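**Student:** Take a look at this one; I'll ask things after.
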Amino acid sequence: MANAKKESDVMEKLVSLCKRRGFIFQSSEIYGGLNSCWDYGPLGSELKRNVKEAWWNTVVRDREDVVGIDASILMHPRVWEASGHVAGFTDPLVDCKGCKKRFRADHIADAKRCPECGGELTEARQFNLMFKTFMGPVEEGAAVVFLRPETAQGIFVNFENVMASARLKPPFGIAQIGKSFRNEITPGNFIFRTREFEQMEIEYFVKPGTDEQWFEHWKAERFKWYTDLGIRPAKLRMRPHEANELAHYAKACVDIEYEFPFGWSELEGVANRTDFDLKRHTEYSGKALEYFDTQTRERYVPYVIEPSAGVDRSLLTFLVDAFEEVVTEKGETERFMRLHPRLAPIKVAVFPLVNKAGMPELARQVYEGLRKRVRSFYDDSGAIGRRYRRQDEAGTPYCVTVDGQSLEDNTVTVRYRDSREQPRVAIPDLAAFVAEKLEGAKSNIV
């Protein structure tokens, strides 16, 4: 019980910091909020953009065998019949006859008793997780469409378009970042499980028989992406799916899991989807989705390796892993967000030591010179120690202070967030100094 309380406290402190510093707000808060919906504030939107940019750079721009697309959220209803989502994208739902709360039947220990009030539960029934809507002005069956529950199908139906236009042949991948929607029965744990979320997915098309080696390749690549961005390896693990939990289309699947304050949970899945998807869309559309090798005269339907990650879940992982509380010798609690410099919403904060003697004017000049190169922030409000603490909570790796010596020798102090070192750097060299530090950052330790 004590450990559970401690872990709960960590999440409460993180949620509080996220609101206070402008990372994440409750959606529609002035109206009482909407359950499991969240808005990203000034720092959160920058962090989210940085996470997506880091992923895109790694899997698309740094590789010559992966290209990107941006498919529509609304798709032909037959897409979801072919994928199996209309018939089989369900969770078992039970209701409490007493408190009226709803639960996923497979997430509670006692199938007969409510975990909240002990009341009697209804029999489980299957609940489809897709959001249904209507296209056009008339609400009739012919106009029914769905908000996509995953981005993958937009890639599969564009397989031939992309392969032909980009002049690709297996092995090659198609990557996409986009919104998905699932009407989850029990969302929760802050932004870990929500009904509206963003996915970062790759469908990597390979020749049958080579799928196992590519499965191993993408497992290693995706694990490395998190550690390269500062996630502690000890907090990560790979959990292979047992045979009885594999999706019907999967030959193999592994979850990259992170040890959150609420326990080990999935961060990303890497699956060998075989040729299931392309064959199903061939069957339902009548369009052959296959590859023809003009040299060997061989024709085949590629197998697919799918690394699938959530933007919001990844962002939460970076926040949880970076969050730290330190009690000073004076008994004061200081909070740090030790984000990797590549992800930090603000790279450099610039301060005048005091608001007099020409320091604000010089600090403004320094700030103007930096903000055109990197995301910067200017702050002259409050004591210098308080300004440092605000930036520590925001995850800013470098703070630049203009002081009395700056007016004499044209140098400034550069404070490192984690080591607290404060070397002096000449102002003309400052932008290049910071850029070099950011480029060379290998972990979240500055």
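**Student:** Once amide H atoms are placed 1.01 Å from N in the peptide plane, what residues at a sequence separation of 5 or more from Phe134, or on another chain, have their amide H within under 5 Å of its amide H?
**Tutor:** HN-HN under 5 Å from Phe134: Val145.
**Student:** Related question: Can you order the peptides 240-247, 151-158, 346-353 by their average number of other Cβ atoms within 10 Å per residue, highest first?
**Tutor:** 346-353, 151-158, 240-247
**Student:** Residue by residue through the stretch 323-333, what is 3J(HN,Hα) from phi via Karplus (6.51 cos²θ - 1.76 cosθ + 1.60, θ = phi - 60°)? Round to whole Hz and write x for glycine and proline.
**Tutor:** These are the phi-based 3J(HN,Hα) values: 6, 8, 10, 10, 9, 6, 4, 7, x, 8, 9 Hz.
**Student:** Separate question: Amide H to amide H, which residues 5 or more places from Trp38 or on other chains are under 5 Å from it, using H placed in the peptide plane?
**Tutor:** Amide H neighbours of Trp38, under 5 Å, 5+ apart: Ser27.
**Student:** Looking at the chain as a GNM with Cα springs under 10 Å, which of Pro397, Pro428, Pro170 has the largest mean-square fluctuation?
**Tutor:** Highest fluctuation of the listed residues: Pro428.
**Student:** In which sequence would Asp379, Asp228, Asp392 go, from the one with the fewest C-beta neighbours within 10 Å to the one with the most? Please report the intermediate quantities before stating the final value.
**Tutor:** Working: Asp379 18, Asp228 14, Asp392 22.
Starting with the residue having the fewest Cβ neighbours, the order is Asp228, Asp379, Asp392.
**Student:** List every residue whose amide H lies under 5 Å from the amide H of Ile24, counting only residues 5 or more places away in sequence or on a different chain, with H placed 1.01 Å from N in the peptide plane.
**Tutor:** Lys19, Gly41
**Student:** Under 10 Å, Cα contacts only: if you run a Gaussian network model on the chain, which one of Glu259, Glu283, Glu116 comes out with the highest mean-square fluctuation?
**Tutor:** Glu116
**Student:** For the stretch 366-446, state which GluC sites (Glu not before Pro) are in a DSSP loop and have at most 14 other beta carbons lying within 10 Å of their beta carbon.
**Tutor:** Loop-located and lightly packed - Glu421.
**Student:** Taking the chain as a Gaussian network, Cα atoms linked when under 10 Å apart, which of Val354, Val402, Val144 shows the biggest mean-square fluctuation?
**Tutor:** Val144
**Student:** For the stretch 1-132, with only Lys/Arg (+1) and Asp/Glu (-1) charged at the beta-carbon, what is the dipole magnitude about the Cα centre, in debye rounded to 20?
**Tutor:** Values: 21 positive and 19 negative charges, 84 e Å.
The dipole magnitude comes to about 400 debye.
**Student:** Here's another thing I want to ask about it. So what are the ³J(HN,Hα) numbers for the stretch 64-79, from phi and the Karplus equation (6.51, -1.76, 1.60; θ = phi - 60°), rounded to whole Hz, Gly and Pro as x?
**Tutor:** Per residue, the Karplus-derived 3J(HN,Hα) values read 9, 10, 10, 10, x, 9, 9, 7, 5, 5, 8, 9, 4, x, 5, 4 Hz.
**Student:** Using the Cα gyration tensor of the stretch 139-223, with a ≥ b ≥ c the square roots of its eigenvalues, what is the shape: rounded (a/c below 1.5), prolate (a/b larger than b/c) or oblate (neither)?
**Tutor:** On the way: a/c = 2.81, a/b = 1.39, b/c = 2.01.
Judged from the Cα gyration tensor, the stretch 139-223 comes out oblate (a/c at least 1.5, b/c at or above a/b).
**Student:** Taking the Cα centre of the chain as the origin, how large is its charge dipole in debye, to the nearest 20, when only Lys and Arg (+1) and Asp and Glu (-1) carry charge on their Cβ atoms?
**Tutor:** Roughly 660 debye, rounded to the nearest 20.
**Student:** With angles folded into 0 to 90 degrees, how steeply does helix 384-394 sit against the dominant principal axis of the chain? Use alpha carbons for both and round to 10.
**Tutor:** Here the helix axis deviates by roughly 10 degrees.
**Student:** Pairing the Cα long axis of helix 276-285 with the longest principal axis of the chain, what angle in degrees results, from 0 to 90 and rounded to the nearest 10?
**Tutor:** In the chain, helix 276-285 runs at an angle near 60 degrees to the longest axis.
**Student:** If you don't mind, another one. Give the angle, between 0 and 90 degrees and rounded to the nearest 10, that separates the Cα long axis of helix 311-322 from the longest principal axis of the Cα atoms of the chain.
**Tutor:** 40
**Student:** Neighbouring Cβ atoms within 10 Å as the yardstick, rank His248, His85, His217 fewest first.
**Tutor:** By the 10 Å Cβ count, ascending: His248, His217, His85.
**Student:** Over all distinct alpha-carbon pairs, what is the Kirkwood Rh of the chain in angstrom?
**Tutor:** 24.7
**Student:** What base-10 log of the normalised intensity I(q)/I(0) is obtained for the stretch 287-446 from the Debye formula, alpha carbons as equal point scatterers, at q = 0.16, 0.17, 0.19, 0.20 Å⁻¹?
**Tutor:** Rounded to two decimals, the profile gives -0.91, -1.00, -1.19, -1.28.
**Student:** Shape call for the stretch 324-406 from the C-alpha gyration tensor, a ≥ b ≥ c root eigenvalues: rounded (a/c under 1.5), prolate (a/b greater than b/c) or oblate?
**Tutor:** oblate
Computed from the coordinates by the stated procedures, all read-outs in this text should not be read as laboratory data. Treat the numbers as computed from the prediction; the structure is a model and nothing was measured. Positions of Cβ are generated from backbone atoms using ideal geometry, with glycine treated the same way; all protein chains shown enter the neighbour counts.
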